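These notes are about the structure you will find just below.
The values are calculated or read from the model by the stated rules, or taken from the named source; none is laboratory data. This is a predicted model, so every value here is computed, not measured. Here the Cβ positions follow ideal geometry from the backbone for every residue, glycine too, while neighbour counts run over all protein chains shown.
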Amino acid sequence: MAQLDGKIVLITGAAGAIGSAITAAVTEAGGTAIATDVKFGPGVHHALDVTSEADWKRVMADVEKQNQRLDGLVNAAGIVKVGTIERIEFEDWRRVISINLDGTFLGCKYAFPLLRKKGGSIVNLSSVLALIGGYNLVAYSASKGGVSLLSKSVALAGARYKPSVRCNAICPAFIEGAMVDDIANSTKRPELVHQKLTNDIPLGRIGQPAEVASLCTYLLSDESAFVTGADFPIDGGLTAR
Ligand SMILES: NC(=O)c1ccc[n+]([C@@H]2O[C@H](COP(=O)([O-])OP(=O)(O)OC[C@H]3O[C@@H](n4cnc5c(N)ncnc54)[C@H](O)[C@@H]3O)[C@@H](O)[C@H]2O)c1
């Protein structure tokens with residue numbers, strides 16, 4: 001596994017399936033993980049609502065006071081809302097865009113000055129739904145399309161600094177955890193949805209949070225020093241079709 005010795009990495013959505021796996025992987029790789037989520041809970045160091053500019057300012061001021069710098073940021077907080085263009089309320093659209101896209105924007109914006117000090121790496125959790133459409137995930141797809149292009153813009157801005165700030169997006173397909181369970185449970189036959197999601201993936205299974213964490217660790221590490229502005233599908237071959 002790539003090494004993160006001495007690196008300080010802030011993770012949002014750290015109580016979730018993927019965020020908690022990334023938090024564990026950062027620590028295992030020798031880094032210091034600053035775990036944040038919307039509420040305090042086991043393993044969460046800071047309550048940080050990613051949609052709140054005031055929260056970002058408060059937490060970043062604290063990180064600066066404690067560590068004087070930041071080496072990595074992982075924007076993993078996110079929600080999903082099932083709905084076609086005809087069957088989603090504007091309020092739900094706004095909530096998804098607010099957490100997934102505004103939250104990632106605010107993270108990049110407020111972490112950037114600390115990342116710039118010694119150079120750093122941002123990893124944004126996008127989705128395969130930034131690369132292909134989903135007929136009944138209209139808000140989610142739009143939010144993740146935004147996250148992927150936001151990541152490219154941040155990467156180009158970060159490349160203008162020496163040392164540079166890199167920024168990449170990870171685009172997972174279905175990963176085991178609450179998010180996939182929520183999608184399945186919003187239908188009448190959850191077990192059929194699980195089966196369909198699995199059947200859609202050429203490798204014949206859904207992914208594990210630890211597999212996403214492993215890719216994330218690489219992107220945070222110096223081994224990926226020449227990698228920026230890219231989307232990384234981790235999807236069992238879903239988007240290869
Ligand atoms: N699970 C998947 O299949 C999958 C696939 C592709 C992309 N992703 C993306 O990966 C990321 C992590 O997904 P996951 O599977 O761990 O989901 P999860 O539901 O297990 O975790 C999401 C976390 O985000 C937190 N969160 C929600 N609103 C927040 C807010 N306003 N401020 C701060 N934190 C907030 C939740 O408390 C939760 O801990 C998300 O961005 C998701 O869109 C997940």
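Tabulated data
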{"read-out": "Selected residue (criterion: surrounded by the most Cβ atoms within 10 Å (Cβ to Cβ)) from residues of region 51-70 that are among the charged types (D, E, K, R) and free of Cβ contacts under 8 Å to residues at least 40 places away in the same chain", "value": "Asp55"}
{"read-out": "Residues (small (Gly, Ala, Ser) and in contact (Cβ under 8 Å) with a residue 24 or more places away in the chain) located in region 170-224", "value": "Ala173, Gly177, Ala178, Ser186, Gly204, Gly207, Ala210, Ala213, Ser214, Ser221, Ser224"}
{"read-out": "From the options Ala21, Ala2, residue that is closer than 18 Å to Asp222 by Cα and touching a helix residue (DSSP H, G or I) at 6+ places or on another chain (Cβ under 8 Å)", "value": "Ala2"}
{"read-out": "Residue list for region 225-241, filter: touching a residue at least 12 places away in the same chain (Cβ under 8 Å) and not small (Gly, Ala, Ser)", "value": "Val227, Thr228, Asp231, Phe232, Pro233, Ile234, Asp235, Leu238, Thr239, Arg241"}
{"read-out": "Among the candidates Asp62, Asp49, Asp71, Asp55, residue that is under 20 Å from the mean Cα position of the chain (by Cα), more than 11 Å from the ligand (Cβ to nearest atom) and either under 17 Å from Lys117 (Cβ atoms) or modelled with pLDDT of 95 or more (or both)", "value": "Asp71"}
{"read-out": "Complete set of residues in region 188-226 that are surrounded by fewer than 16 Cβ atoms within 10 Å (Cβ to Cβ) and among the β-branched types (Val, Ile, Thr)", "value": "Thr198"}
{"read-out": "Tally, over region 99-128, of residues that are within 25 Å of Asp235 (Cα to Cα) and either hydroxyl-bearing (Ser, Thr, Tyr) or outside the structural domain of Leu215 (by TED's automatic domain parsing) (or both)", "value": "4"}
{"read-out": "Test: residue in region 168-191 that is within 10 Å of the ligand (Cβ to nearest atom) and more than 19 Å from the chain's Cα centre (by Cα)", "value": "no"}
{"read-out": "Residues of region 18-50 satisfying the condition of being over 22 Å from Gly207 (Cβ atoms) and crowded, with 23+ Cβ neighbours inside 10 Å", "value": "Ile34, Thr36, Leu48, Val50"}
{"read-out": "Criterion: surrounded by fewer than 18 Cβ atoms within 10 Å (Cβ to Cβ) and under 21 Å from Ile97 (Cβ atoms) - qualifying residue of Ser127, Ser143, Ser148, Ser153", "value": "Ser153"}
{"read-out": "Options Asn136, Asn185, Asn124, Asn199; residue that is of a type in the set (S, T, N, Q) and more than 22 Å from Ala240 (Cα to Cα)", "value": "Asn185"}
